[in-house]
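First comes the structure, then the notes that go with it.
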Protein chains: 2
Amino acid sequence: MFVRITTDPAPRPHSLNDLGMTSDSNPMVSLNEFTYKKGNEIYGEKEPAEYIYQVKSGAVRSYKLLSDGRRQIGAFHLAGDIFGLENGSSHRFTAEAVVDTTVRLIKRQSLETVAESDAVVARNLLRMTTTNLQHAEDHMLLLGRKTSLERVAAFLIEMDKRLTAAGVLALPMSRRDIADYLGLTLETVSRAISRLHELGILGFVGNTQRQIVLLDRQQLANLDLQN
Amino acid sequence: MFVRITTDPAPRPHSLNDLGMTSDSNPMVSLNEFTYKKGNEIYGEKEPAEYIYQVKSGAVRSYKLLSDGRRQIGAFHLAGDIFGLENGSSHRFTAEAVVDTTVRLIKRQSLETVAESDAVVARNLLRMTTTNLQHAEDHMLLLGRKTSLERVAAFLIEMDKRLTAAGVLALPMSRRDIADYLGLTLETVSRAISRLHELGILGFVGNTQRQIVLLDRQQLANLDLQN
DNA sequence: CGTACGATTGAAGTGTGTCAACATTTGTGG
DNA sequence: CCACAAATGTTGACACACTTCAATCGTACG
């Protein structure tokens, strides 16, 4: 089911324009596109970072693995987000398509070359890195100190802000993905969502539970303690 | 109060030289010093960020609080470290002196002014922010997915790398600080250290347990799974 | 339409938290 | 420098939030 957003002049967070680069203004910078099937790897941890990416459509998870398979997802990247922006020459996460996903690519080196001479690009690069840092800092608080209900509430609020269309949260990622993002098990995530449903804080579209309706954002925000 | 930096050729991690700024090369940038007593606040979360800081001696903790008092320490800043480098105009952590601590101050605005025209300063600013981001990313994995023993092992390895003098770890921070850094309780930290002692992985100087000797770094590294 | 995958729910287990007692160290004032 | 008080650290017993294991259900998609 498609929801058509007619005109979208709204400035998205982390658009390529934020870098001060478009194919128009910088014909040197190539903006290629590529599509990944659900579950496919976009790049692996410790691989050399040749490109940075912007999600055109779909969703991406960035994660680290421990040697025994435990996984921590550091971030989900949704439409408009830029990811793969590492410093140093290699990626610090593995990135995979959560669903079929189309991304734009920018050669990392060309970006750095531009940044060297263009203060605007350099500053925006810094601002984006800082935004990522800020997200990581907030997530440390969540992972270190919040209860399962607070984590799930925070997650729903975050997703609500980022991908709500028509008041419905159509989460592209599985319970396992959510769990690995929140430092929980998928069962605990499921139980927390059930509990929020019982509490009347959220509802579902139809009988499926993939599409969530937030009925009481205020109560949800109260569950996730202010930091 | 002005402090003249005489000669400091030693390349510290994150020294002010890394910013490409010394009082010699940039007489515009003032390098003041200030000393904080143990436990005193250096700046508070959401306060306007006027300065950035470099630890001259001592140690600093940066943390966030939930409204009910739960605390997550995001980082410890030791001699040589630069902290308080936020983007946006306000601090995202509260910073406190763990012990009596002397810091150097740099006016944030003057730094940004220099960065605007000096690509070297700008790049180093980005590099330092990226280093912070990298630490936060690794810490998310620890907080989300590691056991208490793995966390404490990782902590000891980190501190060993950063402040070992003469093979002895003299931790400046309390068990509570360590716990709030690792997302545990102080009792769990204490038990983990006792366990590492029983396992022969670490010992103590004298009868006190404030000074820790790492007897088997290899075994300690094995406990903290590679990521 | 059936098979497979993901989600939910229940029951039982466990790692870490909580509460409490005691030990040790640090700080303070005489 | 000692004596005491206060703060910090250790250890034990018990509690509980979350995990683990397992069964069932629902939905998607060949």
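The values are calculated or read from the model by the stated rules, or taken from the named source; none is laboratory data. Note that the coordinates shown come from a computational prediction; the quantities given were computed from them, not determined experimentally. Counting neighbours? That spans all protein chains shown, and the Cβs are built from the backbone with ideal geometry, glycine included. For accessibility, only protein heavy atoms count, side chains too; no ligands or nucleic acids. Shrake-Rupley method; radii C 1.70, N 1.55, O 1.52, S 1.80 Å.
Can residue A:156 be described as in contact (Cβ under 8 Å) with a residue 24 or more places away in the chain, part of a loop (DSSP other than H, G, I, E, B), away from DNA strand C (no atom under 11 Å from the Cβ) and outside the structural domain of residue A:58 (by TED's automatic domain parsing)?
No, not satisfied.
Residues in the stretch B:116-147 that are more than 8 Å from every other protein chain (Cβ to nearest Cβ) and either touching a helix residue (DSSP H, G or I) at 6+ places or on another chain (Cβ under 7 Å) or open to solvent by less than 20 Å² (accessible area, probe 1.4 Å) (or both): 4 in all.
Any idea how many residues of the stretch A:175-191 are over 21 Å from the mean Cα position of the chain (by Cα) and open to solvent by less than 40 Å² (accessible area, probe 1.4 Å)?
Selection size over the stretch A:175-191: 0.
Considering the stretch A:217-227, and only residues there that are surrounded by 15 or more Cβ atoms within 10 Å (Cβ to Cβ) and more than 14 Å from every other protein chain (Cβ to nearest Cβ), the residue that is nearest to the chain's Cα centre (by Cα) turns out to be A:220. Of B:62, B:23, all but one fail to be buried (at least 16 other Cβ atoms within 10 Å of the Cβ), at pLDDT 95 or above and out of contact with any helix residue (DSSP H, G or I) (no Cβ under 8 Å at 6 or more places or on another chain); the exception is B:62.
Among the criteria (1) among the small types (Gly, Ala, Ser); (2) more than 21 Å from residue A:60 (Cβ to Cβ); (3) more than 16 Å from DNA strand D (Cβ to nearest atom), the one residue A:136 does not fulfil is (2).
Could you tell me how many of the residues in the stretch B:134-152 are within 17 Å of the chain's Cα centre (by Cα) and either away from DNA strand C (no atom under 14 Å from the Cβ) or small (Gly, Ala, Ser) (or both)? Going through the stretch B:134-152 one residue at a time, the tally reaches 7.
Note on the stretch A:43-77: residues that are away from chain B (no Cβ under 13 Å), under 17 Å from residue A:180 (Cβ atoms) and of a type in the set (A, V, I, L, M) total 2. Scanning the stretch B:65-86 for residues that are over 18 Å from the mean Cα position of the chain (by Cα) and either open to solvent by 30 Å² or more (accessible area, probe 1.4 Å) or in contact (Cβ under 8 Å) with a residue 60 or more places away in the chain (or both) yields B:67, B:68, B:69, B:70.
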